[in-house]
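Asker: Once you've had a glance at the structure underneath, I'll fire off some questions.
Only the coordinates and a few stated rules stand behind these numbers; no lab work does. Quick caveat, the model's predicted, so the values are computed rather than measured. Positions of Cβ are generated from backbone atoms using ideal geometry, with glycine treated the same way; all protein chains shown enter the neighbour counts.
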Amino acid sequence: MSKELVNAISEMREQEALKLAKEMVEGGSDPMAILDAAREAMGIVGQRYEAGTYFLPELILSGVMLNQIAEMVKPKMAKGPEMKRHGKVLIGTVAGDIHDIGKDIVVFMLDVNGFEILDLGIDVPVDKFVEAIKDFQPQVVGLSGFLTLAFDSMKDTVEAIKKAGLRDKVKIMIGGGQISDEIKKYTGADAYGKDAMAGVSLAKEWVGAK
Amino acid sequence: MAKEWAELTSDEKQEALFQRWISPKDPGGNDLKFQNPEAEKSYKERINRIKDAIQLKKQPDRVPVLPLPSMFPALYAGLTVEEAMYDYEKCSAAFRKFVLDFEPDGHMGSAQFGPGRFFEKLDYKLYSWPGHGVSTMHSYQCNEGEYMKEDEYDALIQDPSGFFSNVYLPRVFGALEPLQMLPFLPGILEIYGVAFNFIPYGLPPVQSALKALMEAGQEALAWAGAVGGIEGELATLGYPQILAGFTKAPFDTIGDTLRGTRGIMLDIYRQPDKLLEAMEALTPLMIKMAVGAAQMNGKPIVFIPLHKGADGFLSDEQFRRFYWPTLREVMMGLIAEGCIPFPAAEGGYNSRLEVIKDLPKGKTLWMFDQTDMGTAKKILGDTACLLGNVPLDLLGVGTPQQVKEYVKKLIETASKRGGFILGNGAFFDNVKAENLKAMIEAGREYGAYS
């Protein structure tokens, strides 16, 4: 049945996926196995997004399916799901910018590729990034921004990380609608990712994951 | 008047709108008095240059140059974005300075700064703006949400205007929340019981909402006076305002501000037929709002900012099924009334070029951002005028020399046989003034047709 669940989710058959998950939960299946199937399906969705056959509707719908299934399974679980993770990525849209579509895609792709992510959300003040680096201790920091005004916010954020003495503890990648290699140089980040897949590759390279 | 409007062909209607644009009137309805004969000559030359580029009938004298800013004019003049939104005089002065310093072939007017006090009076929730969720130096930004719930498609489809007045407006304007109590207007019939319908207008919350509306209307008038004043003044100096009005792709109307990105993307799977039906219902309204504006303003170009159909948002199949048909219908409706649709395709549109070329020749103007201009010229060059695509990162952190080189190459790539307007790829806030100057100078230098 878990194979059917994987198919239903990855083929975007929401009603069927939820029905299958419900039957599995009620039939006493191992909650972890159900979640593993959902995770496997998310991996397939990620691969198809990367291959250019899936787009925003599929990422959003599969995310919604995963959440619904996780809600169903949760009461049956002794403790939270544990997954082996490659490494930690701290991510957020920089100060003054409240755009999140691009950032959310990157978060999705990092997640299905096995990273632990702390998403600080949008309009994240410089200090908040610095504090979160101290607490969360990520290897990678992702700065997102859509507006030209974000160029300076990214620069300020990188400088604040430097000033806090944390610059050599993290690799910093930037991305967003108008971001390029020129902006990478301007901000002092380590790299720029053209799209979510590039972000995943960078993060993998930096944490030494395959 | 030789013929009634309805009897004109779409070509004749377009020509009539161009004629009204090129022979502007002052607010009193008399011929606009230019400040000097050169200004009048420049004004007409600039419009003809843009017209020739769009119509694809003949090459203009040179490539028109249109730098199209967002908040840049305010920042360039040393204002905060907040000042530009709240102080209409300062905003007008800043905009005048931008146009006079950069001498573009046209401008989009200063309406993008928006009246801050108006937004305040109505407690606009759809956007965050300086002092209301973003800093004084940052531009306003949309707060996406499900302002229309997933089960409200039928209400929208059956009565779009009623949905806007009684459901949507009360949700996006805090001060208009009581308007959800307003009566169903088509129920106002005959004499028996007709007065029952008016009871809501007597209720204190509705009355306070109506009061807020009147105050907001006054604020809008004051602001529009400033916006119109500077446009008129710039016209007398030889600089035409290029936009007649604005409309949207029905998919974006629903995806941007009604259902939000998350909502509309889920609807593609959960209720595709409702989504398609709602877009069909909105299509005539999207046409009507722009045609009305073009008639009132006496100009042809209608701005259509495109958002959620760009590369990466939807698959080719989804674009062809959900995004393009009603956008095309809107554009064809505009063209039939003599308008020139001006879609701004922010992001990339590389995967859409083959689809969007299904349009009549010489009737549209496409602004491209991260679309390959060589490919765009190849595929769309015989159909549409292209505008773009100097990248914002280059304008923001590049050097004037780099900008010049980019423009030179761009003109070589995209301007053959006309059909090209030089501009930025997306709307910009803080870029380097010297880079913008370099873009414009390079356009004049390399853009001459011999």
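Asker: Over chain B, what is the relative contact order in whole percent, taking alpha-carbon pairs under 8 Å and six or more residues apart?
Answerer: Numbers: 792 pairs, mean separation 99.2, N = 450.
Here the relative contact order equals 22 percent.
Asker: Among B:VAL355, B:VAL302, B:MET286, whose Cα sits farthest toward the positive end of the charge dipole of region B:273-421 (+1 at Cβ of Lys/Arg, -1 at Cβ of Asp/Glu, about the Cα centre)?
Answerer: Final value for the positive-end residue is B:VAL302.
Asker: While we're here: Sorting B:ILE421, A:ILE60 on the 10 Å Cβ count, fewest up front, what's the list? Each step should come with its number before you reach the end.
Answerer: Details: B:ILE421 29, A:ILE60 22.
With the sparsest Cβ surroundings first, the list reads A:ILE60, B:ILE421.
Asker: Can you return the lysines within cross-link range of B:LYS97? Criterion is Cα-Cα under 18 Å, with same-chain partners fewer than 8 residues away left out.
Answerer: Straight-distance partners of B:LYS97: B:LYS432, B:LYS437.
Asker: Based on the inverse mean of 1/r over its pairs of different Cα atoms, what is the Kirkwood hydrodynamic radius of chain B, in Å?
Answerer: Values: mean 1/r = 0.0431 Å⁻¹.
In chain B this quantity evaluates to 23.2 Å.
Asker: Of the GluC sites (Glu not before Pro) in region B:147-218, which ones lie in a loop per DSSP and count no more than 16 other C-beta atoms within 10 Å? Don't jump to the answer; show the numbers that get you there.
Answerer: On the way: sites: B:GLU150, B:GLU152, B:GLU190, B:GLU215; in loops: B:GLU190.
Those satisfying the criteria are B:GLU190.
Asker: If you keep only loop residues by DSSP, which chymotrypsin sites (Phe, Trp or Tyr not before Pro) in region B:170-220 have at most 11 other Cβ atoms within 10 Å of their Cβ?
Answerer: Details: sites: B:PHE173, B:PHE184, B:TYR192, B:PHE196, B:PHE198, B:TYR201; in loops: B:PHE184, B:TYR192.
Taking region B:170-220 and a limit of 11 other Cβ atoms within 10 Å, the loop chymotrypsin sites (Phe, Trp or Tyr not before Pro) found are B:PHE184, B:TYR192.
Asker: While we're on this one: Could you give the angle, 0 to 90 degrees to the nearest 10, between helix B:37-55's Cα long axis and the longest principal axis of the Cα atoms of chain B?
Answerer: On a 0 to 90 degree scale, this one is about 80.
Asker: Using the beta-carbon distance between B:ARG320 and A:VAL64 and R0 = 30 Å, what value does 1/(1 + (r/R0)^6) give for FRET efficiency, to the nearest 0.05? Present the calculation step by step, with values, prior to reporting the outcome.
Answerer: Details: r = 24 Å, r/R0 = 0.81.
Computed FRET efficiency for B:ARG320 and A:VAL64: 0.75.
Asker: Mind telling me which of A:GLY46, A:GLY63, A:GLY176 comes out most flexible in a GNM of chain A, alpha-carbon contacts under 10 Å?
Answerer: Highest fluctuation among the options: A:GLY63.
Asker: I need to check one value: relative contact order of region B:304-428, counting alpha carbon pairs closer than 8 Å and at least 6 residues apart, in percent. If you can, show how the numbers build up before the last one.
Answerer: Details: 188 pairs, mean separation 28.3, N = 125.
This gives 23 percent for region B:304-428.
Asker: In addition: Quick check: pseudo-label points 7 Å beyond the Cα along Cα→Cβ at A:LYS76 and B:ASP123, how many nm apart are they?
Answerer: 4.6
Asker: Cross-link partners among aspartates and glutamates for A:LYS169, C-alpha distance below 18 Å, same-chain residues fewer than 8 apart left out?
Answerer: Leaving aside aspartates and glutamates fewer than 8 places away in the same chain, those within reach of A:LYS169 are A:GLU116, A:ASP127, A:GLU131, A:ASP135, A:ASP156, A:GLU159, A:ASP190, A:GLU205.
Asker: Within a 10 angstrom radius of the beta carbon, how do B:GLU144, B:GLU233 rank from fewest other beta carbons to most? Could the numbers behind the result be given before it?
Answerer: Details: B:GLU144 19, B:GLU233 15.
The most exposed by this proxy come first: B:GLU233, B:GLU144.
Asker: May I ask you to list the lysines whose Cα is less than 16 Å away from that of A:LYS171, ignoring any residue fewer than eight positions away on the same chain?
Answerer: A:LYS88, A:LYS134, A:LYS155, A:LYS162, A:LYS163, A:LYS184, A:LYS185, A:LYS204
Asker: Taking Cα pairs under 8 Å and at least six residues apart, what relative contact order does chain A come out at, in percent?
Answerer: Details: 331 pairs, mean separation 36.0, N = 210.
This gives 17 percent for chain A.
Asker: Run through region B:367-445 and list the trypsin sites (Lys or Arg not before Pro) located in a DSSP loop whose Cβ has at most 12 other Cβ atoms within 10 Å. Kindly include the intermediate steps, with their values, before the conclusion.
Answerer: On the way: sites: B:LYS377, B:LYS378, B:LYS404, B:LYS408, B:LYS409, B:LYS416, B:ARG417, B:LYS432, B:LYS437, B:ARG444; in loops: B:LYS416, B:ARG417, B:LYS432.
Taking region B:367-445 and a limit of 12 other Cβ atoms within 10 Å, the loop trypsin sites (Lys or Arg not before Pro) found are B:ARG417.
Asker: I would also like to ask the following. If one takes the longest principal axis of the Cα atoms in chain B, at what angle in degrees, from 0 to 90 and to the nearest 10, does the Cα axis of helix B:433-446 lie?
Answerer: So the inclination is approximately 60 degrees.
Asker: P(r) of region A:54-153 in 10 Å steps, Cα pairs, percent per bin?
Answerer: Histogram of Cα-Cα distances, whole percents per bin: 14, 38, 34, 12, 1.
Asker: Post the alpha-carbon centroid distance, region A:93-109 to region B:200-262, in whole angstrom.
Answerer: 29
Asker: So, in Å, what gap is there between the alpha-carbon centers of region B:37-70 and region B:75-148?
Answerer: Their Cα centres are 27 Å away from one another.
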